[in-house]
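Asks: Pasting a structure here, questions to come.
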């Protein structure tokens, strides 16, 4: 494709330069050797100008195609492409646009991961109990790892923003991230192929009460910090500790109870 494009530019530039020089020599009434230099110079100028207009969009489109192919290999995006192509297209379109606009790879990654994470967060409540538990167990492993390294980064992970990705990913292992992404893919698959009804509070109360009681035993009245959105002066490190503990406690319940509780809690997030 690129060779064909370059050949087209080359032939087009040659043709225009030849026509211009032919007209000029005809109007001049005689053919002069100087026109050879004019022809060569004009050809080079035309070729460079044409390349400047045509090649950048071509490479931008090629990079956008490569991005879509690479994204489709990510476990969560691959599942989304297979089971919900419309949602996949809506997530990938802004990424391809960013590539065409010249955004760096890091900038595109910082757009992609929060986008798929936000989508998965809305799907957990209607996924299977097993998928919800798989996802939250992978998150518990991730949170524990980050918490041991940097409590602020732990908070950034649990309360993500467009720029918080780099703050915590440096603390985790590739296999831990892959486990989360694979679990995301299963959440997408199950919530799309066989969506489940969201549990009622009465369905999970017997599981939730002992988890909350244990959290209160560990952290006392500080648990009240979790009842509303954190303020500007909130103790983010303490909030991270409690949220991480809550995730671990929930995932330690019997599997059917844990999955159901996780789905209920995600529906209230």
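Asks: Across the range 219-254, what is the number of residues that are surrounded by fewer than 14 Cβ atoms within 10 Å (Cβ to Cβ), assigned to a helix (DSSP H, G or I) and more than 31 Å from the chain's Cα centre (by Cα)?
Replies: So the answer is 3.
Asks: Given the criteria under 17 Å from residue 184 (Cβ atoms), at pLDDT below 90, in a helix (DSSP H, G or I) and touching a helix residue (DSSP H, G or I) at 6+ places or on another chain (Cβ under 8 Å), does residue 55 qualify?
Replies: On the way: under 17 Å from residue 184 (Cβ atoms): no; at pLDDT below 90: yes; in a helix (DSSP H, G or I): yes; touching a helix residue (DSSP H, G or I) at 6+ places or on another chain (Cβ under 8 Å): yes.
In short, no.
Asks: If you don't mind, another one. Restricting attention to the range 253-269, which residues are out of contact with any helix residue (DSSP H, G or I) (no Cβ under 7 Å at 6 or more places or on another chain) and either closer than 15 Å to residue 130 by Cβ or modelled with pLDDT of 95 or more (or both)?
Replies: Answer for the range 253-269, where residues must be out of contact with any helix residue (DSSP H, G or I) (no Cβ under 7 Å at 6 or more places or on another chain) and either closer than 15 Å to residue 130 by Cβ or modelled with pLDDT of 95 or more (or both): just 254.
Asks: Let me ask you something else. Considering only residues that are assigned to a helix (DSSP H, G or I) and surrounded by fewer than 16 Cβ atoms within 10 Å (Cβ to Cβ), which ones fall in the range 183-201? Step through it out loud before you land on a result.
Replies: Filtering the range 183-201 down to residues assigned to a helix (DSSP H, G or I) leaves 183-193, 201.
Within the range 183-201, 193, 201 meet the criteria.
Asks: For residue 204, which of the numbered conditions (1) free of Cβ contacts under 8 Å to residues at least 40 places away in the same chain; (2) buried (at least 17 other Cβ atoms within 10 Å of the Cβ) fails to hold?
Replies: Evaluating residue 204 over (1) free of Cβ contacts under 8 Å to residues at least 40 places away in the same chain; (2) buried (at least 17 other Cβ atoms within 10 Å of the Cβ) leaves (1) as the failure.
The values are calculated or read from the model by the stated rules, or taken from the named source; none is laboratory data. These figures come from a predicted structure and were not determined experimentally. Neighbour counts are summed over all protein chains in view; Cβ atoms, including those assigned to glycine, are modelled from backbone coordinates with ideal geometry.
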